[in-house]
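Here is the structure we will look at, set down as C-alpha cells.
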Amino acid sequence: MTLYFIESSALAKLFVQEQGSERLIALVEPLTQAQKLVSSLSGVEVHSAIRRRERAGDLSPALAAESLGFLAAELAQMIEQPINAAVIDTAKQLIDRYPLRALDAIQLASCCTVRAATGITDIVFIASDRALLAAAATEGLQTMDPTD
C-alpha cells in the first residue's frame, strides 16, 4: 500500500482552487485515511494561507470560512505526524544538508520520521516547492508536484 505525505504547499490546493488542485483532488479522493499523511504543522500553515488570501481579497469571508471548515474535516481524515524531538532533530540534519527553510525542513522531517518509525518505504512526498522536492528525492522518497 502506497502512502502519500501531503506537504502544506500541496495540501492547500485541496481547499483553494489553484494550479494543480484538480490533479491533487483526483489523487486524494479515493485514498483511505491510512494512506494520507500530514505533519501536524500543516493545519496551521494551510489555515494561514487561507486567511492570507482572504485578507488579500482573493477569497470572500464566506469562502474562506467554508475552506477552513473543509480543512478541519479533511485533516480529521488524515494521519498527522506530531512535531516531536525526532522530527526536530531530523529537521536540523536536513537543514545541514539542504538549503531548506525551517518549516519546509520540519515538513520533510515529519515524512522521514514516519518512514523511519514504520519501516514503510512506499511513500510519495507531495509538494509544490522545487527545493523541497529535490531534497525529498535525495532522501530516497518518491516525489510528486501536482502542478506538473
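Taken together, the values in this text are just the output of simple stated rules run on the coordinates, not laboratory data. As the structure is a prediction and not an experimental result, all values here were calculated from the model. Every residue, glycine among them, receives a Cβ derived from its backbone with ideal geometry; neighbour counts consider all protein chains shown.
Worth a mention:
- Filtered residues of segment 122-148 (kept if over 19 Å from Gln19 (Cα atoms), outside any strand (DSSP E or B), touching a strand residue (DSSP E or B) at 6+ places or on another chain (Cβ under 9 Å) and of a type outside the set (Asp, Glu)): Ala134, Ala136, Ala137, Leu141
- With respect to the stated conditions, Ser48 is within 19 Å of Ala127 (Cβ to Cβ) and among the polar types (S, T, N, Q).
- Residue in segment 3-31 that is farthest from the chain's Cα centre (by Cα), counting only those that are within 21 Å of Thr113 (Cβ to Cβ) and in a loop (DSSP other than H, G, I, E, B): Leu31
- Filter pass, Leu133 being buried (at least 18 other Cβ atoms within 10 Å of the Cβ), under 19 Å from Phe5 (Cα atoms), without any contact (Cβ under 8 Å) to a residue 40 or more places away in the chain and touching an Asp or Glu at 6+ places or on another chain (Cβ under 8 Å): yes
- The set of residues in segment 72-99 that are surrounded by 14 or more Cβ atoms within 10 Å (Cβ to Cβ), without any contact (Cβ under 8 Å) to a residue 40 or more places away in the chain and either in contact with a His (Cβ under 8 Å, 6 or more places away or on another chain) or under 20 Å from Phe15 (Cα atoms) (or both) contains only Leu75.
- Selection status of Leu37, aliphatic (A, V, I, L, M), touching a helix residue (DSSP H, G or I) at 6+ places or on another chain (Cβ under 7 Å) and in a helix (DSSP H, G or I): no
- Segment 11-26 residues that are farther than 17 Å from Asp58 by Cα, paired with ones that are buried (at least 19 other Cβ atoms within 10 Å of the Cβ) and β-branched (Val, Ile, Thr) (beta carbon under 9 Å, 6 or more apart): Leu11/Val38; Leu11/Val46; Leu11/Ile126; Leu24/Ile6; Leu24/Ile126
- Among the residues of segment 51-71, those that are exposed (fewer than 12 other Cβ atoms within 10 Å of the Cβ) and among the small types (Gly, Ala, Ser) comprise Ala56, Gly57, Ser60, Ala62, Gly69.
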